1. Could you check Thr36 against (1) of a type in the set (S, T, N, Q); (2) in the same structural domain as Gly129 (by TED's automatic domain parsing); (3) assigned to a strand (DSSP E or B) and say which number it fails?
2. Residues in the stretch 97-117 that are more than 17 Å from Pro82 (Cβ to Cβ) and either part of a loop (DSSP other than H, G, I, E, B) or not assigned by TED's automatic domain parsing to the domain that holds Val144 (or both): how many?
3. How about the stretch 1-16: which of its residues are basic (Lys, Arg) and in contact with a helix residue (DSSP H, G or I) (Cβ under 8 Å, 6 or more places away or on another chain)?
4. Does Arg48 satisfy the condition of being outside the structural domain of Gly129 (by TED's automatic domain parsing), under 19 Å from His130 (Cα atoms) and either of a type in the set (A, V, I, L, M) or part of a helix (DSSP H, G or I) (or both)?
5. Taking the condition of being farther than 19 Å from Pro28 by Cβ and either crowded, with 16+ Cβ neighbours inside 10 Å or touching a strand residue (DSSP E or B) at 6+ places or on another chain (Cβ under 6 Å) (or both), how many residues in the stretch 115-142 meet it?
6. Among the residues of the stretch 62-114, count how many are polar (S, T, N, Q) and loosely packed, with under 13 Cβ neighbours inside 10 Å.
7. From the list Thr139, Thr155, Thr83, which residue is part of a helix (DSSP H, G or I), modelled with pLDDT under 90 and under 19 Å from Gln18 (Cα atoms)?
8. Only one of Gln54, Gln66 is polar (S, T, N, Q), more than 30 Å from Ser132 (Cβ to Cβ), in a loop (DSSP other than H, G, I, E, B) and over 21 Å from the mean Cα position of the chain (by Cα); which?
Amino acid sequence: MKWEDIDFQAGALSVRRQLHDGGAVGPPKSERGLRTIALSAEIVTLLRQHHARQAERRLALGPRYQDGGWVFATRYGASYKPTAAVKHFGKVLERAGLPPMRWHDLRHTACSLLVAAGVPIPVVAQRAGHASAAFTMATYAHAVPGGQDAAVQATASLFHEGPPKKNVGQ
């Protein structure tokens with residue numbers, strides 16, 4: 001993610017690239033991968049603060065700073081190598097008392113939480129860059145809130161009340 005991908009005024013992030021196997025940066029796997037994601041005001045504030053700290057570091061280091069425009073960069077401005085980023089991620093998880101996980105697990109968790117919060121499946125699919133809402137539903141159906149409870153109640157009401165009555169003459 002580069003700073004040019006963030007629209008602070010609109011509170012949005014444009015996904016334009018991804019890190020591929022082997023560390024190469026290129027476009028997302030599919031057209032649906034190219035997308036814009038709305039950001040909360042809190043995230044925008046945190047990004048602004050991070051940008052300011054990075055600008056201070058760039059000024060302090062002068063020509064030693066390698067400005068690639070990356071949002072998350074080494075202290076000298078270069079992009080992280082994938083292995084270094086994974087190692088750092090592991091340390092962050094450990095300090096937070098969380099179990100080891102893969103990068104992709106963050107994505108899966110985010111989508112599961114959105115579905116569990118009742119965010120419409122097409123919106124979750126768009127944010128994740130999935131090819132279809134059907135794929136998102138198949139993958140995250142387990143997180144749909146109250147799904148089993150609603151099914152139990154609907155079935156019970158059929159036995160107690162019978163099927164819905166049709167209005168004659170309509």
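1. Only one criterion in (1) of a type in the set (S, T, N, Q); (2) in the same structural domain as Gly129 (by TED's automatic domain parsing); (3) assigned to a strand (DSSP E or B) is unmet by Thr36, namely (2).
2. Adding up the residues that qualify gives 4.
3. Arg16
4. Considered against the rule, which asks whether it is outside the structural domain of Gly129 (by TED's automatic domain parsing), under 19 Å from His130 (Cα atoms) and either of a type in the set (A, V, I, L, M) or part of a helix (DSSP H, G or I) (or both), Arg48 comes out as no.
5. Summing the residues that are farther than 19 Å from Pro28 by Cβ and either crowded, with 16+ Cβ neighbours inside 10 Å or touching a strand residue (DSSP E or B) at 6+ places or on another chain (Cβ under 6 Å) (or both) in the stretch 115-142 gives 4.
6. Qualifying residue count for the region: 2.
7. Just one listed residue meets the conditions, Thr83.
8. Result of the check over Gln54, Gln66: Gln66.
The values are calculated or read from the model by the stated rules, or taken from the named source; none is laboratory data. Just so we're clear, the structure is a prediction, and the values are computed from it rather than from any experiment. Please note: Cβ atoms are built from the backbone with ideal geometry, for glycine as well, and neighbour counts cover all protein chains shown.
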